[in-house]
Amino acid sequence: AVETTLQGAMPFPMGAAVNISLLKNNSDYRNLVVKEFNSVTAENAMKFASVHPSKDVYNFADADYLVDFARLNGKRVHGHTLNWYKSLPDWVNNFQGTTADWENLLKTHIQTVVGHFKGKIVSWDVVNEAINEDGTMRNSIWVQKLGADYIGRAFQYAHEADPGALLFYNDYGHEFGPTKRTAILNLVNSLKIKGIPIDGIGLQMHTRVTQSDDNLINAINLAAATGLKIHLSELDIALNPENNQTLTFTAALGAQQAAKYKTIVKAYNAIPKNQQFGITTWNVTDADSWIPTNYNRPDWPLPFDAQYQKKAAYQAILDAI
Ligand code: XIL
């Protein structure tokens, strides 16, 4: 039902993680988002430190700007993220309180944020990156203060605040192999069995051109076997995972990348239609990708180049759908 109202060139729910200052100040960037994508995720503007910078202060200005942009331009909004071990403000990291105080902090944050956007945000990443790469539970501040069962309560709090929102568990590394993937799927299955309101799994898919097709396809198929909705929530395909400081982009690298995008989108397109929630790339173009900044290297992970032109990967995505 949501899909029929979406506006943007891609013929399926195709989103991008958006930087609010570029959206406001760079008309080429804004026009590209308007033209090509039909869903948006805030790259940072809905994270804890952004919306809740001190204990009794919420700041929704940037997030509201994105939601208004989406409403004006027919885009779906995916909320990211209600709970994470990163992007926490100092006041949370330094918070002193009883278990009940921490529970109240968790609940109040989730319900204030979800409540603020009730009816405007279709879906939320409720909990982000709770599992380590060795399959154990990440010893985050939330687990330290509240124990691992906080995860189910986070979903319940979100559901109470907006019963209409679709709720996702989001993580990376499904494609690394069985260890982390199995732990994630065990977690979401255990939530389902307990009757926790979870609707979907976000596979971040920050991947690389050297990742095997088998690993990528298995990641998508095994997540879909849970019966939950599947969001490829942060897709990008690195061309320079070895951090070669002098690497340059070539058409050959672009072709390999396009083939990898095609493999991923084909696998997504092959799962049952009612589980296909959408695909979101993490950022819009190679110029604003988080990868070069975060990993301090040249890279070109996205379907649009730094001049905002379509790369081979763009056509590969269309060909796969
Ligand atoms: C990243 C942003 O892109 C950066 O701008 C920020 O400095 C750190 O976070 N997994 C996630 C995203 O779930 O929220 C991260 O976004 C990328 C990895």
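The values are calculated or read from the model by the stated rules, or taken from the named source; none is laboratory data. None of these values were measured; they are calculated from a predicted model. Glycine also receives a Cβ, built like all others from the backbone with ideal geometry; neighbour counts cover every protein chain displayed.
Table for the structure above
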| quantity | calculated |
| --- | --- |
| Listing of helices (runs of 4 or more DSSP H) fully contained in the range 203-306 that carry 3 or more residues being within 16 Å of the ligand (Cβ to nearest atom) and modelled with pLDDT of 95 or more | 290-295 |
| Only one of 142, 124 that is modelled with pLDDT of 95 or more, crowded, with 21+ Cβ neighbours inside 10 Å, more than 22 Å from residue 230 (Cα to Cα) and within 16 Å of the ligand (Cβ to nearest atom) | 142 |
| Filtered residue count, the range 75-116, keeping only those that are in contact with a Leu (Cβ under 8 Å, 6 or more places away or on another chain) and under 16 Å from residue 42 (Cα atoms) | 6 |
| Matching residues in the range 168-190 - criterion: being in contact with a helix residue (DSSP H, G or I) (Cβ under 8 Å, 6 or more places away or on another chain) and within 16 Å of the ligand (Cβ to nearest atom) | 169, 171, 173, 174, 175, 176, 180, 184 |
| Pair list, Cβ < 9 Å and 6+ apart or interchain, from the range 83-95 residues that are at positive phi to residues that are in a loop (DSSP other than H, G, I, E, B) and at pLDDT 95 or above | 87/44; 87/47 |
| Residue list for the range 79-93, filter: within 12 Å of the ligand (Cβ to nearest atom) and more than 16 Å from residue 110 (Cβ to Cβ) | 86 |
| Qualifying residue in the range 215-222 (condition: of a type outside the set (A, V, I, L, M, F, W, C) and touching a Phe, Trp or Tyr at 6+ places or on another chain (Cβ under 8 Å)) | yes |
| Residue in the range 105-112 that is farther than 20 Å from residue 52 by Cα, surrounded by 14 or more Cβ atoms within 10 Å (Cβ to Cβ) and modelled with pLDDT of 95 or more present | no |
| Test: residue in the range 21-28 that is farther than 19 Å from residue 126 by Cβ and of a type in the set (A, V, I, L, M, F, W, C) | yes |
| Selection count, the range 51-82, where residues are touching a residue at least 24 places away in the same chain (Cβ under 8 Å) and either surrounded by 22 or more Cβ atoms within 10 Å (Cβ to Cβ) or in a helix (DSSP H, G or I) (or both) | 19 |
| Residue that is among the polar types (S, T, N, Q) and within 19 Å of the chain's Cα centre (by Cα), where the choices are 94, 139, 83, 104 | 83 |
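A quick yes/no check of all residues on (1) outside any strand (DSSP E or B); (2) touching a strand residue (DSSP E or B) at 6+ places or on another chain (Cβ under 9 Å); (3) touching a residue at least 12 places away in the same chain (Cβ under 8 Å):
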site	(1), (2), (3)
9	yes, no, yes
15	no, yes, yes
22	yes, no, yes
28	yes, no, yes
31	yes, no, no
35	yes, no, yes
46	yes, yes, yes
49	yes, no, yes
